[in-house]
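I have placed the structure first, in the form of structure tokens, so that the comments after it can refer back to it.
Bear in mind that the values in this text are calculations on the coordinates, not laboratory data. What you see is a predicted model; the values in this text were computed from it and never measured. Here the Cβ is made from the backbone with ideal geometry for all residues, glycine too, and neighbour counts use every protein chain on show.
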Amino acid sequence: MDGRYRLNPKVPKEYFGNLVLWAFARAKVNDLLCEPLSYATKLLHDAVMKVDDSYFRSFIDFANNKVKEEDLIPNAVPDTEEPILLPNLEVHSWLSLSCHDFDFGGGGPHFFMPTFFPIEEMIFLLPSSTEDGSIDVFVPLFREKLTTFK
């Protein structure tokens, strides 16, 4: 969840950095298959609504204390090619990022997507590079899984 819209006071739109936490909705596959779509929608809605200003501030405090207490070194990318989320799936929405407005001195980007990401079981939703309002979906897969995916 994008903290820019959830923290109070709101973070300036120009802030460019990591301010994202997860909303966890859990369900059994059988429930998702047998229940109406409104069941899944409510699970997602309820999980999203829990990630509010208080939740963000609590996480920031917790993370700061743990890094200091345990002398942790943050590392965003694990040193493995083994699936780490299986059987779970994470969906990351970058739809609110104004990536086509980025300009680091040489004009805006021609294309925007995550860099090499050696983790499966994740999906990224991005504003389309065509800038027509459509969505690009980035699905990282290990090479051995490509034939199964096709």
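Considering only Ser38, Leu19, Tyr55, whose Cα is most displaced toward the positive end of the charge dipole of region 1-74, charges sitting on Cβ of Lys, Arg (+1) and Asp, Glu (-1)?
It is Ser38.
Tell me, what is the FRET efficiency for Arg4 and Leu33 to the nearest 0.05, using R0 = 25 angstrom and their Cβ-Cβ distance as r?
For R0 = 25 Å, the calculated efficiency reads 0.10.
Tell me the label-point distance for the pair Tyr15, Leu89, using the 7 Å Cα-to-Cβ offset, in nm and rounded to one decimal.
3.1
Can you give me the Rg/Rh ratio for region 87-150, using Cα atoms for both radii and the Kirkwood formula for Rh?
1.03
Show the residues, 5+ positions off or on another chain, whose built amide H is closer than 5 Å to the amide H of Ile123.
Close amide H contacts, sequence-distant or interchain: Glu90, Val91, His92.
Treat every Asp and Glu Cβ in region 110-149 as -1 and every Lys and Arg Cβ as +1, leave all other atoms uncharged, and give the resulting dipole magnitude about the Cα centre to the nearest 20 debye.
It works out to roughly 160 debye.
How big is region 1-74 by the Kirkwood estimate over distinct Cα pairs, in Å?
It works out to 14.6 Å.
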